Every structure is written in C-alpha cells, then in structure tokens.
1. Is there a residue in the stretch 275-285 that is open to solvent by 40 Å² or more (accessible area, probe 1.4 Å), over 18 Å from Asp123 (Cβ atoms) and either modelled with pLDDT under 95 or touching a Lys or Arg at 6+ places or on another chain (Cβ under 6 Å) (or both)?
2. Is there a residue in the stretch 90-98 that is among the hydrophobic types (A, V, I, L, M, F, W, C) and touching a Gly at 6+ places or on another chain (Cβ under 6 Å)?
3. Only residues in the stretch 267-292 that are free of Cβ contacts under 8 Å to residues at least 60 places away in the same chain count as the first member; pair them with residues that are small (Gly, Ala, Ser) and surrounded by fewer than 20 Cβ atoms within 10 Å (Cβ to Cβ), Cβ under 6 angstrom, at least 6 apart or cross-chain, and list the lot.
4. Just the residues that are in a loop (DSSP other than H, G, I, E, B) and within 19 Å of Leu116 (Cα to Cα), please, taken from the stretch 286-315.
5. With a cut-off of at least 3 residues that are at pLDDT 95 or above, closer than 20 Å to Ser118 by Cα and open to solvent by less than 20 Å² (accessible area, probe 1.4 Å), name the strands (runs of 3 or more DSSP E) lying wholly within the stretch 1-98.
6. With the requirement that a residue be out of contact with any helix residue (DSSP H, G or I) (no Cβ under 8 Å at 6 or more places or on another chain), touching a residue at least 60 places away in the same chain (Cβ under 8 Å) and among the acidic types (Asp, Glu), what does the stretch 55-107 give you?
7. Any idea which of (1) closer than 27 Å to Thr327 by Cβ; (2) in contact (Cβ under 8 Å) with a residue 60 or more places away in the chain; (3) surrounded by fewer than 21 Cβ atoms within 10 Å (Cβ to Cβ) is the one Ser117 doesn't satisfy?
8. Return yes when Asp233 is among the charged types (D, E, K, R) and over 30 Å from Lys34 (Cα atoms) and no when it is not.
Amino acid sequence: MMVLSIRRRNFLQGMAAAPLALTAISVPAFADGKPSLIRIGSTAPGHLKFILARHNGAFDKEFSKDSIKVELVVFTNGGSEATTALATGAIEITYTGNNPALRVAASGADVNAIGLSSFAKADGSAIIVRADAPFKTVADLKGKKVGYLFGTVRHSIFSKALRSVGLTTNDLDSLNMAFDASGPALVRGDVDAIVETEDVAAKLVEAGQARVLLDANDHPEWAAPYIISANGDFARNYPDIVTRLLKVDIELARWSEAHPDETIKIFSQETKSSEKAVRKTYGDGHFYQDPRITDAAIQSLKGEEAFMSEAKLLKGSVNYDRWIDQTYLDKAYKLADAT
C-alpha cells in the first residue's frame, strides 16, 4: 500500500502545468478487465474508516488477490482538493465532508455519492481564541481576523455560528488557512481566532495557549453526514470493484463499533491526535460509521445544501436522484453479511 500526501499548491500547480498529463493518468491501466490501481483519497488528517484501513491494510487485503494496487491519498488542504481530483479522475474514491461533496455535485461533475463516511451527531469543530484574548462570545469577533480553511465543513460551521448571533463572514476579516498553519498563526497573534478540528483545539488548550470560544459539539443540529464519493466513470466501468470497496468499508464500520477502545487508540496514534479529544468526539461510545445513506441523511444533506446556498457557499443545485447511487451499497451489504 502506498500512502501519499497532497498539498494544495503542489496539486494545483501540477494540474495547471500539465493538464494533459493529468488526463493521461485519469484512468488506471487495465489488467484482465480490472484496474491495476485504485486511488482512495481522504481529507487530512483522515476519516476514521480510511485511517483504520491504512492501519490494517484492509483494502490491500481485499484486492491483492486480483493484483490490484491501492494508493491511499491524504489531501492536506481540504475537501475541494479531493473532490477536484475525484472529478478529474486523478483519484477514484474519496472520503470528504458534506460541503465539498455537495459543491462538486452541484457543479454537475460526473461523481456519485455511494455511501456515508460517517453521520456523527457531534461535528468535532471549534472556534478557538488565544488564552488571554478578551473575547467572550462569537459576536465579539466582529471586525476581527479569523483563520479557517475555505470551502470546508468548518467554514459552514463558522457561518452557522455567526448567523446565530446575527453576523456573516462579511462582518469580519477571513483568512484561508490549512489546519497545520492555523494553530501557529493563532499563537503568534497573526489572527484573533481560528476555526479548527477538536484535535487542533485540544492541543492548543492543553498547552495553555488557547481556549475554546464555541464548541460545535454543543450544536448537534449543525451536523450533517460526511460522504464517500466515486468518480462516475470508474464506478460505471468497475461496479464490482466499487461494491467490494464498500464491503470493506462496512466491515471497518462494524469492527469499530465492536472494538471502541482499540479504534480510538488507532485513530489517535495514526493521526497524532489527542486521545482525550477523540474520546470527546465519540462521547457516547459510538462512531456512526455505517455507510447506509438513510432518508434522514438525505434530508440533512438537503438542509445543508439550502444553508450553503443562502450563505453563498454553493453555486448551482444538487440533483439527488442523479448524485446518490446506492446500488453498489445494497450489494455490498449482501457480500458483508455473507462473510
């Protein structure tokens, strides 16, 4: 198994400089009617089932008998990178938050939502300020500098938090920052606040450098499902491969529920996250990793789409009948139940 880390500048420069090269690698080589390579992406630090698969080689074990190689690609600058790679055929499958998945679907790109990465009731995001900052509420950030990665779930969460106090992102100075840059920027005083994952928040708080101004876990009504997406061309060409990928995903979801302590330890170690923060995210002892796209999940996605449109985080609209394809997942459950 090969694990790659893609940074935004390198990825976008490569696309701009060599579009023909990207086209040339957009479809893995054929081997006896099967792809020779499957590239599976995830936004950093990695979605839970992606991390478990990286740890135990689950995808490799499934496809090694077919001589199919698996590359796991980590996108360090958000879901827009990952979904761009998916839509162009630079990767075949990706795990992202709902915002980038909805944006690429609304654009009309040839992608499908084939399952849920998760549908946790806690978002795991937080608005963080320096420990000595004078701010008491989100409303106090009006006119201030706030760093967060544009186009991510954290962007949406921040917009919702601002709306709850009668503000929008137009009422402050937003800076586009990746997770590995935002914490240091806050500590240096380059920004007044950041919107980050609970893990980033926990590290800064535990070091005495920051405090949490707002914890999105206190607002389960803001949560929406995370998505497993497939490149449409790949899925149509290799439906059995996609089904088997989802079978592995189902097995990983079930394993996590049966082994909660081990799951938390693996995720913490693999992502260098605070185990305390990870346990807080999954405070009720469940991981909500079942990939089934339920009616409740679809309604939640439609609500998120409506919010994104209102907040000008989305162009176009999503055709859910075209975007969501559960045919692979239905077959995957039969395979998983038979083993």
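The values are calculated or read from the model by the stated rules, or taken from the named source; none is laboratory data. This is a predicted model, so every value here is computed, not measured. Glycine also receives a Cβ, built like all others from the backbone with ideal geometry; neighbour counts cover every protein chain displayed. Heavy atoms of the whole protein, side chains included, go into the accessibility calculation; ligands, DNA and RNA do not. Shrake-Rupley method; radii C 1.70, N 1.55, O 1.52, S 1.80 Å.
1. yes
2. We begin by selecting, within the stretch 90-98, every residue among the hydrophobic types (A, V, I, L, M, F, W, C); these are 90-91, 93.
Those still in the list that are touching a Gly at 6+ places or on another chain (Cβ under 6 Å) too: 91.
Yes - at least one qualifying residue is present in the stretch 90-98.
3. Taking only residues 6 or more apart or on different chains, the pairs are Glu275/Ser268.
4. Going through the stretch 286-315, the residues in a loop (DSSP other than H, G, I, E, B) turn out to be 286-294, 311-315.
Answer for the stretch 286-315, where residues must be in a loop (DSSP other than H, G, I, E, B) and within 19 Å of Leu116 (Cα to Cα): His286, Phe287, Tyr288, Gln289, Asp290, Pro291, Arg292, Ile293, Thr294.
5. Values: elements: 2-6, 37-43, 69-75, 93-96.
Of the strands (runs of 3 or more DSSP E) lying wholly inside the stretch 1-98, those with at least 3 residues that are at pLDDT 95 or above, closer than 20 Å to Ser118 by Cα and open to solvent by less than 20 Å² (accessible area, probe 1.4 Å) span 37-43, 69-75, 93-96.
6. Across the stretch 55-107, the qualifying residue is only Glu71.
7. (3)
8. On the way: among the charged types (D, E, K, R): yes; over 30 Å from Lys34 (Cα atoms): no.
Against the criterion (among the charged types (D, E, K, R) and over 30 Å from Lys34 (Cα atoms)), Asp233 does not qualify.
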